[in-house]
Amino acid sequence: MKDSTQLFNTQSEEMTTSFLQQKLFDILLIICFIIISLFISQRIYFINSLFANFDFFNLTIIILAIFRLTKMFVSDSILQWFRDLFLVVKTEKIDDKIKIIRKLPNSGLRREIALLLDCPWCLTLWLSVITFYIWFSCEQSRFIFFMLSLSGITSIIYLGVKNLQLSLEKKMK
């Protein structure tokens, strides 16, 4: 698993994206989010009737599915190939071992997407919009979201047990 504090925002990284360019990308992402949200709300014109059948159980399923999808995109090794599409990836051979070096692109859209994929808070916003749209527009997808939510619960339990085990090991030392 990657350590994002080592991958991005390190002191040695040179930021070549200008402040103005960075703000333009931020504004572009906000505009895209608003346009997509408006498009979805217009496409789901019967949203009030959908919310009538929307209960706490469904909300819990969606929240846990978004949690699991976020974890998958941000840190799970299964989607490292996807994150690598937006990074500069180099391999070096050192002492008969291959070392993979991942760096942010200096500027551009690839850099912005790489930063988005590294930020769980940012990514959940986008995944929420997409998940919400799929949940209400395609009933067949609900089984997949249910499976993702079960995986999310399992992840939370695993992390809790792991943290408990680590704290017990510290107390025993």
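No value in this document is a laboratory result; all are computed from the given coordinates. Not measured: the values here are computed from a predicted model. Using ideal geometry, Cβ is built from the backbone for each residue, glycine included, and neighbour counts are taken over all protein chains shown.
A few remarks follow.
- Qualifying lysines (Cα of each under 27 Å from Cα of residue 90; at least 8 residues distant if same chain): 2, 71, 99, 103
- Nearest-0.05 FRET efficiency for residue 77 and residue 162, computed from C-beta distance (R0 25 Å): 0.90
- For a straight C-alpha distance cut-off of 16 angstrom, no lysines are reachable from residue 173 once same-chain residues fewer than eight places away are disregarded.
- The Cα atoms of segment 122-173 give a gyration tensor whose axes a ≥ b ≥ c have a/c of 1.5 or more with a/b no greater than b/c, which makes the shape oblate.
- Estimated inter-spin distance, residue 143 and residue 34, nm [label 7 Å along Cα→Cβ]: 4.0
- Cα gyration tensor of segment 64-156 - equivalent ellipsoid semi-axes, whole Å, descending: 31, 17, 10
- Charges were assigned to the Cβ only: +1 to each Lys and Arg, -1 to each Asp and Glu. The resulting dipole of segment 64-173 about its Cα centre is roughly 380 debye.
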